Amino acid sequence: LQKNKTGALVRTTTAVTVVNAGEKINAIPGSATALINHRIHPLDSPETILRYNRKVISDPRVKLTRYNSYPGTDRTNYTPVSPVSDTDTLGFKAIQSAVARVFHAPTTIMIMIGNTDTRHYWRLS
């Protein structure tokens, strides 16, 4: 559960990706901003993660908002949480049957954690 490469398969992961603050080495900045990226597990939601962040930060001076790459428009770049595919389909049952016959192994679903790309394939399964 603690391996960085597989963490997103079993839980929501968090990475601080951009930090902006001061400009001089000898002056305390008056403000700071940080962008935090989450790979949200299907059992979590953006709202749950935001509540958790507020609880962990526990500082009313810190303002938390969902990032929008398109300010001033109705357009957003919030990627929905990856859906879980239905296993009660003809396609899944065909793969499951073939794997059992050929490899004598069980078949299960898998979470695709690269949602930036996989969202384009959601309708295929």
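When region 78-99 is filtered for residues that are surrounded by 11 or more Cβ atoms within 10 Å (Cβ to Cβ) and outside any loop (DSSP other than H, G, I, E, B), the ones remaining, listed by number, are Gly91, Phe92, Lys93, Ile95, Gln96, Ser97, Ala98, Val99. Here region 76-112 is the region considered, the condition is being among the β-branched types (Val, Ile, Thr) and at pLDDT 85 or above, and the residue that is nearest to Asn37 (Cα to Cα) is Thr87.
The set of residues from region 4-43 being part of a strand (DSSP E or B) and surrounded by 14 or more Cβ atoms within 10 Å (Cβ to Cβ) comprises Thr13, Thr14, Ile36, His38, Arg39. Of the residues making up region 19-44, just one is among the acidic types (Asp, Glu) and farther than 30 Å from Val81 by Cβ, namely Glu23. Whether a residue is more than 19 Å from Arg119 (Cβ to Cβ), modelled with pLDDT of 90 or more and among the aliphatic types (A, V, I, L, M) was assessed, and Leu1 does not pass this test. Of all residue pairs spaced 6 or more apart or on separate chains, those with beta-carbon atoms under 8 Å, a first member in region 57-68 that is closer than 14 Å to Pro46 by Cα and a second member that is open to solvent by 90 Å² or more (accessible area, probe 1.4 Å) are Leu64/Arg54. For region 5-23, the candidate set comprises residues that are of a type outside the set (A, V, I, L, M) and in contact with a strand residue (DSSP E or B) (Cβ under 8 Å, 6 or more places away or on another chain); within that set, the residue that is modelled with the lowest pLDDT is Gly7.
The values are calculated or read from the model by the stated rules, or taken from the named source; none is laboratory data. Bear in mind that the values here come from a model prediction, so they are computed numbers and not experimental data. Methodologically, a virtual Cβ is constructed for each residue, glycine included, from the backbone with ideal geometry; neighbour enumeration extends over all protein chains shown. Ligands, DNA and RNA are excluded from the accessible area calculation, which covers all protein heavy atoms including side chains. Shrake-Rupley method; radii C 1.70, N 1.55, O 1.52, S 1.80 Å.
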